[in-house]
Structure formats: structure tokens, C-alpha cells
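Heads up: the structure comes next, in C-alpha cells.
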Amino acid sequence: MEEQKLKKQNRLVLVILMLLVAAGLAIHQYFNYALRPVSSTSRQRVTVTIPRGATDDEVARILKEKQLVRSAYVFSYYLQTHKTKGVKAGKFRLAQTQSVPQIAAELQSSRAAKR
């Protein structure tokens, strides 16, 4: 009886571990997908105005509305974890062919911002 109970518990733990690993892999794949450019062919550049004092979440929402990033959440998370300087206020000319890391670097560059 005890042995059967132990086998059942081991199977349950194994199933839970497999589900956690699968969920982790799925989240990782989604983040990789969301970091890529929205388009690989678009030649159009979009002017984006970042207001002074905008939070990372507000910047991410603006970029999502302009269809420059796939996910506002992923962009905001990327900024919070990879930010070397704050996002600059001003106007930026961005393209759908830029990845999240490229856009983030440009938004942190004072050279790129036009007042």
C-alpha cells in the first residue's frame, strides 16, 4: 500500500515538474518572439513623441499603439531589466524593422531625441 502511494506521489511530482518546464519554455519563446522587430520589410519610419517624465509603462504603451513593439509588457520589462540610462523625452523616428533592444537603446540616447 505504501509503495503504491509513493509511486502515485512521484508521478504527480513528475507531472507538475514537466508542466512547469513546459510553461517556462513557452514564456521564454514568447519573450524571444516579442523582442523581435514587428516587421522585417516595412520601410516606413514613425515619429514618436515621448513626454517628459513618462514611465516605462507609458513609453511601452505609446510604442505598442504606434505598432513599433509586439508587446507593451515585454518592452516595459526589457527597459526595467536592461536600462542603462533613463528614456529621454522628445521626438524619435523609429521603424518597425527595429528590435526591442534597438528601440530601447535609441530611446536612451540623447542624440536621437529631437525637442
* Test: LEU107 is surrounded by 15 or more Cβ atoms within 10 Å (Cβ to Cβ), at pLDDT below 95, of a type in the set (A, V, I, L, M) and closer than 22 Å to ILE27 by Cα -> no
* For GLY53: the one exception among (1) on the phi > 0 side of the Ramachandran plot; (2) touching a helix residue (DSSP H, G or I) at 6+ places or on another chain (Cβ under 7 Å); (3) of a type outside the set (Asp, Glu) -> (2)
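The values are calculated or read from the model by the stated rules, or taken from the named source; none is laboratory data. Note that the structure is a prediction, hence the values are computed from the model and not measured. Backbone-built Cβ (ideal geometry, glycine too); neighbour counts: all protein chains shown.
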